[in-house]
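Here is the structure we will look at.
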Amino acid sequence: MIDEKNRKVALVTGASGGIGREIAEILLVKGYDLLLVARSLDKLEAIQAEFKTIASARDVAVLQADLSQSGAPKMIFDFTNENNISVDILVNNAGVGMSGAIDEYSEEVLLKMILLNTFSLTALCKYFAPQMKARRSGNILNIASLAGYQPVPYLAAYSASKSYVLNFSDAIAMELEEYGVSVSCYSPGHTDTEFWDRAEISKDNKFYGQKTRVSPKDVAQGAVIKMFKGKLSSIYGFKNNVMAFGSGISPFRKLNARIAKKLVSK
């Protein structure tokens, strides 16, 4: 268990792999103790053991939680209070996507995705922001997506959920800035993680396929750099920034949606 001793603690959700795992390692090397949260306890414990070989002086705690369940954020918050863990950095990385036409989604799967991508992220910010405000310090890093900058047919609910993350992050950043709390939102593009398998998108897809994907370590490094610089909303990669800029121009939104439809449906 994490021992306070004036140490700094980072809580990372979705830490069992991909971008979350890489962010956790970067913060570990920077001297932070960790509370790693994910659904898979086996994966978390394996990473916990690995991290102890990287930085034996750091404390790494793990907590199994399914953030697609509405009670999970409160359970995580209660765990930190019961164990006297003061969270200095909150990384809301956990998220999931699903592809297909809107009428193909089951209600259960749709609800779980929206709970995970929007509600749980919001609730964790709600729970930990007051403590950060009281200390007049802290960082919140929310991971969104390039898809959040535009409507994406066949990823409609996912892209909309990431638009929520963008707008929510920008709004609470303004609420918290006078208290010394920094909120950053980082949007990866196509990253080589398990996201694509869970979203049932083929590696052969011309737009989203394996060749278009970048290393999660590179994305994580970019996210952490922007967070410590206090950047509000930022996007990984020059090409992704250009795409997001064009998508934000109102007359182009319908055109972008049509282009996205052709790309995603292949």
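Data for the structure
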item: Linear extension gain, Ala49 paired with Asn167, 0.36 nm per residue minus alpha-carbon span; result: 38.8 nm
item: Efficiency of FRET from Cβ geometry, Val29 and Ser215, R₀ 22 Å, rounded to 0.05; result: 0.85
item: Sites Arg136 and Asn83 - FRET efficiency at Förster radius 30 Å, r taken between beta-carbons, to 0.05; result: 0.85
item: Where GluC sites (Glu not before Pro) fall in DSSP loop in the stretch 1-89, at most 13 other Cβ within 10 Å; result: Glu4
item: Pairs beyond 30 Å (Cα-Cα), from Lys52/Lys162; Lys30/Lys112; Lys112/Lys229; Lys8/Lys74; result: Lys52/Lys162; Lys30/Lys112; Lys112/Lys229
item: Residue-span extension gain [Leu232 to Tyr179] - 0.36 nm each, minus C-alpha spacing; result: 17.5 nm
item: At most 12 other Cβ within 10 Å, DSSP loop - trypsin sites (Lys or Arg not before Pro), the stretch 80-181; result: Arg136
item: Pairwise label distance in nanometres, Ala160 with Met75, each label 7 Å out on the Cα-Cβ vector; result: 2.8 nm
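Quick note: the coordinates plus some simple rules give every number you see, no bench work behind them. Everything numeric here is computed off the predicted structure, so don't read it as measured data. Glycine gets a Cβ as well: all are built from the backbone with ideal geometry, and neighbour counts include every protein chain shown.
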